[in-house]
Amino acid sequence: MWRFFLGLSLVLSSVQIASAQIQEPCAAAHYLNHLEATHPGFEAATRQVYDRVRGQGQARDFTLVTIPVVVHLVYQNEEQNLPDSLIEAVLDVLNEDYRRLNADAGQVREDFLPVVDDPFIQFELAGVERVSTTATFELDILGGTLPDNVKTTVTGGSDAWDPEHHLNIWVCNIEGGALLGYAYPPADLSHWPEDASAPSPALDGVVIHYEVFRRTGTFTTSGLFGLEDITVPVRGRTITHEVGHYLGLRHIWGDGLLSIFGIPDCSADDGVEDTPNQGLNSQFSCDPTNNTCEEGSGDLPDMWENFMDYAQEDCQNSFTFGQIEIMRSVLDNERAGLVGGSVSTREGLLPASALQLYPNPATDYLIIQRDNTASATVRLHNAQGQVVKQWLSCTQNRLEVATSSLPAGLYYVQYISREGQLTKAVVVE
Ligand SMILES: [Zn+2]
């Protein structure tokens with residue numbers, strides 16, 4: 001367990017641990033190191049999984065897959081109750097980074113151009129849950145617990161939507177350290193120890209600190225252990241990184257045991273052939289001379305462009321093909337339920353009475369009436385499937401839409417809730 005390493009390092013060097021913790025946006029490294037300690041041979045076994053994945057020899061012609069996303073905003077005050085526009089902006093970041101459509105993709109250094117690629121993965125917002133809470137969500141460094149209480153209603157959080165078919169993302173104020181986010185790797189990877197994955201399916205998904213759940217901004221650490229605050233730029237890449245873990249990726253530096261203490265560990269590997277051997281995380285640096293594992297001729301520098309490193313978010317821009325193969329294999333196997341169909345067929349059908357549209361045909365206005373006020377997503381699509389208007393985390397049971405300026409034709413109203421979905425047609429004249 002990562003708490004052990006943190007506790008041990010406190011004894012060894014309070015400065016190093018403070019530094020390690022502050023520079024450690026996500027808890028996976030500690031966890032994986034714990035696994036190697038408690039399950040000797042874990043590294044080798046994991047390697048076998050990656051070898052199996054790579055052995056499948058997929059060609060670079062992936063079909064585009066869509067992962068439905070549910071964002072749970074669990075807030076203690078209005079500042080944390082982020083607006084829909086911000087949720088959409090973060091979904092845009094995911095959709096750019098996982099399609100290699102990010103504007104900074106061209107900034108990858110020439111050394112890595114041959115290996116970077118488009119994962120052909122996109123994300124679609126299925127729902128937004130907003131939960132006001134008085135609970136706290138705390139990383140207990142010494143006690144070794146993650147704030148999974150954000151994932152259940154009874155503990156002041158928000159229950160997951162069916163985790164087999166949705167990527168649940170909880171956004172909250174993570175207290176107790178500079179933890180920006182965390183995610184569990186997939187369950188049911190036969191070569192992983194059982195406790196590598198989420199403690200239960202309902203706890204699977206990604207947790208993100210609300211201050212980094214945005215497209216642009218800064219994040220300031222809270223001066224742990226008496227150290228000075230550090231302010232780093234935010235470009236929405238914490239979510240890209242954590243979704244990478246959720247889809248089976250490890251840190252590019254391989255989470256070596258020594259790296260916890262700031263010592264390059266070149267024997268640890270991320271199990272991906274086309275990433276360079278890297279002994280440390282890049283610690284928010286984007287220095288082209290960074291090279292923690294020098295290995296003679298043909299050696300590559302550290303790849304701080306990689307989303308699975310800890311460089312500054314504004315110099316992260318790429319996944320490698322080896323990483324993409326792993327994520328695609330996970331979506332074909334361990335997390336196949338995520339991409340088993342379109343959102344419209346995945347949620348199950350609500351009764352027809354759950355949604356009324358009138359007048360139909362509509363001329364000047366359309367009333368969208370649903371049978372309750374539970375949080376839901378409502379979208380108005382045109383016949384080409386384009387979203388004309390949408391309401392995220394909608395808690396009104398009656399919406400009035402001006403239709404006089406819409407081109408005449410057939411439209412569809414899509415209603416998605418935790419209980420299921422329903423789509424009905426309406427004619428605009
Ligand atoms: Zn991580």
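Some observations on this one:
- Percent RCO, i.e. relative contact order, over the stretch 348-428, from Cα pairs under 8 Å lying at least 6 residues apart: 36
- Solvent-accessible area, 1.4 Å probe, carbon plus sulfur percent, for the stretch 202-261: 53
- Extended-chain gain in nm, criterion 0.36 nm per residue less alpha-carbon gap, residue 287 and residue 427: 44.6 nm
- Radius 14 Å from Cβ of residue 386, net charge of other residues (Lys, Arg +1; Asp, Glu -1): +1
- Surface per residue (accessible, 1.4 Å probe) for the stretch 348-428, Å²: 48
- Heavy-atom accessible surface of the stretch 333-405: percent carbon and sulfur, 1.4 Å: 47
The values are calculated or read from the model by the stated rules, or taken from the named source; none is laboratory data. Remember, predicted model here, so these are calculated numbers, not experimental data. Positions of Cβ are generated from backbone atoms using ideal geometry, with glycine treated the same way; all protein chains shown enter the neighbour counts. All accessible areas refer to the heavy atoms of the entire protein, side chains included, with ligands and DNA or RNA removed. Shrake-Rupley method; radii C 1.70, N 1.55, O 1.52, S 1.80 Å.
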